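For reference, the structure is listed below as structure tokens.
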Amino acid sequence: MRKPITTGAVVILLAVIASFAAEGAKMKITSSAFQEGGNIPSKFTCDGSDTSPPLQITGVPSEAKSLVLIVDDPDAPSGLFTHWLIWNIPPQTNSVAEGSAPKGVEGTNDFGKSGYRGPCPPPGTHRYSFKIFALDRDLELHSGAKRSQVDAAMKGHVIAQGELVGRYARRK
């Protein structure tokens, strides 16, 4: 009688561990332009040339079908503000050159445009999150979709993610 209970407990434990491993899968997104938690150079903001910084992506799971890149400001006065939104990026993508976008489909940022728009905060220092998500499928969204549509389409399909946070305060 003890053997079936023990076997069942082991099976459940292994399933729970596998579940946590999948949800906890970590990718890494870095930039040669700034360190985690560091200051974003003004070159990549509205005070400079407003070009996207170089990005490196590592740890993409082999089962990933596509990537999503989102850059946002959680400190914006109106709430979360999206600066860049791209999905259906090929999972083999391991870098994004300065001033360019990865291959994929671009959405509409909160400036009402597609493409990268850099930090341009009101007074005070804001955090900017560069997030990368690995998905188990492509997203069936048209170019120009908004952040809420991308978030909804990603739900239940994220198999790994990473985040790089930079800070910026405008010149006085």
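The values are calculated or read from the model by the stated rules, or taken from the named source; none is laboratory data. All of these numbers come straight from a predicted model, not from anything done at the bench. No Cβ is skipped: glycine too gets one built from the backbone with ideal geometry, and neighbour counts run over all protein chains shown. The area values use the complete protein model at the heavy-atom level, side chains included, leaving out ligands, DNA and RNA. Shrake-Rupley method; radii C 1.70, N 1.55, O 1.52, S 1.80 Å.
Structure notes:
- Taking the criterion of being touching a residue at least 40 places away in the same chain (Cβ under 8 Å), aliphatic (A, V, I, L, M) and assigned to a strand (DSSP E or B), the residues of the stretch 79-104 that qualify are L85, V96.
- Filtered by the rule that a residue be out of contact with any strand residue (DSSP E or B) (no Cβ under 7 Å at 6 or more places or on another chain) and open to solvent by 50 Å² or more (accessible area, probe 1.4 Å), the stretch 34-63 gives Q35, K43, S49, S62.
- Residues satisfying the stated conditions in the stretch 108-135, i.e. open to solvent by less than 70 Å² (accessible area, probe 1.4 Å), farther than 11 Å from W84 by Cβ and under 15 Å from the mean Cα position of the chain (by Cα): I132, F133, A134, L135
- So V150, is it free of Cβ contacts under 8 Å to residues at least 60 places away in the same chain and open to solvent by less than 60 Å² (accessible area, probe 1.4 Å): no
- Of all the residues in the stretch 53-77, those that are outside any loop (DSSP other than H, G, I, E, B) and either among the acidic types (D, E) or over 15 Å from L164 (Cα atoms) (or both) number 4.
- Filter result (hydrophobic (A, V, I, L, M, F, W, C), open to solvent by 90 Å² or more (accessible area, probe 1.4 Å) and either in a loop (DSSP other than H, G, I, E, B) or at pLDDT 95 or above (or both)) within the stretch 1-33: M1
- The listed residue being among the small types (G, A, S) and modelled with pLDDT under 95, out of G79, G99: G79
- Single condition A169 does not satisfy, out of (1) without any contact (Cβ under 8 Å) to a residue 40 or more places away in the chain; (2) open to solvent by 40 Å² or more (accessible area, probe 1.4 Å); (3) in contact with a Gly (Cβ under 8 Å, 6 or more places away or on another chain): (1)
- Residue count, the stretch 112-140 (criterion: touching a His at 6+ places or on another chain (Cβ under 8 Å) and either in a strand (DSSP E or B) or under 23 Å from F34 (Cα atoms) (or both)): 6
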